[in-house]
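Below: one structure, written as structure tokens.
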Amino acid sequence: MSQVTINFTFDLFSFKVFIITGFKESFLTDAFFVNVFLKIITRTTLIVAFILAMIAGVVTITPKYSQWRGLERQRQEMLRRIDYKQNEIKVMKNKQQRFKTDPEFVEFIARQNRRARPGELVFVFESDTNSQ
């Protein structure tokens, strides 16, 4: 009987399989086909794993991206509202300052609200929009 030596090395991207000594040549051709079959299975498995990882990434990231866009729209709306309120505050502070320093402005606002000084007689003419 002859001595049989089988060396099996595993590499992630290719198989180097079966360096055999001591067997007939028909076994070597069978080993070759097994080697080719193992390469096909390994590469197919890697391709499927890569595709599944890509699909998982898309499935995971798509809702998060939509959520991010919604939050970004809300942020823009809030910033717009903050700007509007800051402008209102600025206008109110301006009016407040004018009330403190400008007596003509105070009288103007009082007259708009139909206020009069003691002893004044106020005539109010209502405009008739139907007759014009």
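Laboratory data are not the source of any read-out in this text; all were calculated from the coordinates shown. Every value quoted in this text rests on a predicted model; they were computed, and no experiment measured them. Here Cβ is always computed from backbone atoms with ideal geometry, including for glycine, and neighbour counts include all displayed protein chains.
Here are the numbers:
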{"item": "Ala116 surrounded by 10 or more Cβ atoms within 10 Å (Cβ to Cβ) and not in a helix (DSSP H, G or I)", "result": "yes"}
{"item": "Among residues of segment 91-113, those that are surrounded by 10 or more Cβ atoms within 10 Å (Cβ to Cβ) and hydroxyl-bearing (Ser, Thr, Tyr), counted", "result": "0"}
{"item": "Neighbours by Cβ (under 7 Å, 6+ apart or cross-chain): first from segment 42-57, assigned to a helix (DSSP H, G or I); second surrounded by 10 or more Cβ atoms within 10 Å (Cβ to Cβ) and aromatic (Phe, Trp, Tyr)", "result": "Thr42/Phe15"}
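Every residue, every condition in (1) assigned to a helix (DSSP H, G or I); (2) of a type in the set (A, V, I, L, M), yes or no:
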| site | (1), (2) |
| --- | --- |
| Trp68 | yes, no |
| Arg73 | yes, no |
| Ile82 | yes, yes |
| Lys85 | yes, no |
| Lys100 | yes, no |
| Phe105 | yes, no |
| Arg111 | yes, no |
| Ser127 | no, no |
